[in-house]
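Enquirer: Got a structure here, written out as structure tokens. Questions coming.
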Amino acid sequence: METEIRYRGKDYGPEEIAFVRRLVEAHPTATRRGLSLKLCEAWEWRQPNGAPRDMVCRGLLLALHRAGLIELPAPRYRRPVPAPRRKKADLLEGMTWSAVEGRLSEAGPIEFRQVRRTEDEGLCEALIERYHYLGYARPVGEHLKYLVRAGGQAAACFVWSSSPRHLGCRDRYLGWSKEARRRNVHLLAYNQRFLILPWVKVKYLATHLLGRMARRLAADWERVYGHPVHFLETFVDPERFRGTSYRAANWVWLGRTTGRGKDDRECRGPNRSLKEVYGYPLTPDFRERLGAR
């Protein structure tokens, strides 16, 4: 009896494993990437923008190979060792910032710029690395980054990424099934980082920025990834913050995390601090769009 394997929350049984084995054997000269593209085509694995889900498929092939269930060809391409990257701290060297204070109306024109894959991406990362209490962490999956300027100088940063696949209080709020969650979790976005820079002291600015962010994120996401997002979520550390800006921007308190994290498979209890979870629907019919009804 052939072994089953679980990959990214899905079980692959004997028939699927046998299909992959036959595909590999039928193309003895194909590269690993070539096999991945052929499997994507056979199983119609495509991203919402129409591109093959090549990296996900390659991960599955590698998992099967490591489990001894298929035999992949040897890698033909070795990624060259990159030149040393400039440290994030170096990007801020020599920069000076003027205080931005007073009323919101006095902060000057407030401009949002999506900076992923632009010349300002490194600056956004460096500011978060230096001034956010959690530092900078590489986003997971689909993601966008924003640098906000007030009166022409940096005032705030946002990082949005793919949402966690499992989040109990959120899933209960949405009311979706396991299958609906698996199918539609890519239609959610997670506010991984939100930073008001320390030289900015403008009352109500955080709430104002959250409101403007919510009005533009879905369109930006669709332009980059070929699909919108319909629901936003974030974590707030109650030992540091009260979530005041999120509540003032009409975000909804959903509950608390369990404190176990995605890698705790033995349910031994909390291994990290509990976080408050807030959510923000982008459309009145968000549950229907997410397949919850």
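The values are calculated or read from the model by the stated rules, or taken from the named source; none is laboratory data. It should be emphasised that the depicted structure is a prediction, and the values quoted were computed from it without experimental measurement. No Cβ is skipped: glycine too gets one built from the backbone with ideal geometry, and neighbour counts run over all protein chains shown.
Enquirer: How many residues are surrounded by 21 or more Cβ atoms within 10 Å (Cβ to Cβ) and either free of Cβ contacts under 8 Å to residues at least 24 places away in the same chain or of a type in the set (D, E, K, R) (or both) if we restrict to the range 143-165?
Expert: 1
Enquirer: Something else about it: All but one of (1) within 30 Å of the chain's Cα centre (by Cα); (2) hydroxyl-bearing (Ser, Thr, Tyr); (3) at pLDDT 90 or above hold for THR29; which doesn't?
Expert: Exception for THR29: condition (1).
Enquirer: Taking the options ASP220, ASP171, name whichever one is touching a helix residue (DSSP H, G or I) at 6+ places or on another chain (Cβ under 9 Å) and either surrounded by 17 or more Cβ atoms within 10 Å (Cβ to Cβ) or of a type in the set (A, V, I, L, M) (or both).
Expert: ASP171
Enquirer: Here's another thing I want to ask about it. Look at the range 27-71 and say how many of its residues are touching a Leu at 6+ places or on another chain (Cβ under 8 Å) and either of a type in the set (Gly, Ala, Ser) or over 17 Å from ILE5 (Cβ atoms) (or both).
Expert: 7
Enquirer: Filter the range 100-116 down to the residues that are at pLDDT 90 or above and part of a loop (DSSP other than H, G, I, E, B), then identify the one that is farthest from VAL148 (Cα to Cα).
Expert: ARG103
Enquirer: So, one more: Which residue out of PRO75, PRO80, PRO48 is surrounded by 13 or more Cβ atoms within 10 Å (Cβ to Cβ), in a loop (DSSP other than H, G, I, E, B) and modelled with pLDDT under 90?
Expert: Sole residue among the options that is surrounded by 13 or more Cβ atoms within 10 Å (Cβ to Cβ), in a loop (DSSP other than H, G, I, E, B) and modelled with pLDDT under 90: PRO48.
Enquirer: Right, ILE70: modelled with pLDDT of 90 or more and either outside any helix (DSSP H, G or I) or surrounded by fewer than 17 Cβ atoms within 10 Å (Cβ to Cβ) (or both) or not?
Expert: So ILE70 passes the test.
Enquirer: Sticking with this one: Keeping to the range 185-204, report how many residues are among the hydrophobic types (A, V, I, L, M, F, W, C), in contact (Cβ under 8 Å) with a residue 60 or more places away in the chain and either within 20 Å of GLY151 (Cβ to Cβ) or surrounded by fewer than 19 Cβ atoms within 10 Å (Cβ to Cβ) (or both).
Expert: The total comes to 5.
Enquirer: A further question follows. Here is a check on your reading of the model: is SER98 touching a residue at least 60 places away in the same chain (Cβ under 8 Å) and surrounded by fewer than 16 Cβ atoms within 10 Å (Cβ to Cβ)?
Expert: In short, yes.
Enquirer: In the range 167-176, what residues are farther than 30 Å from ARG130 by Cα and in contact (Cβ under 8 Å) with a residue 60 or more places away in the chain?
Expert: Hits for the range 167-176 are GLY168, CYS169, ARG170, ARG172, TYR173, LEU174, GLY175, TRP176.
Enquirer: Which ones in the range 1-26 are of a type in the set (D, E, K, R) and within 24 Å of the chain's Cα centre (by Cα)?
Expert: Matches in the range 1-26: ARG6, ARG8, LYS10, ASP11.
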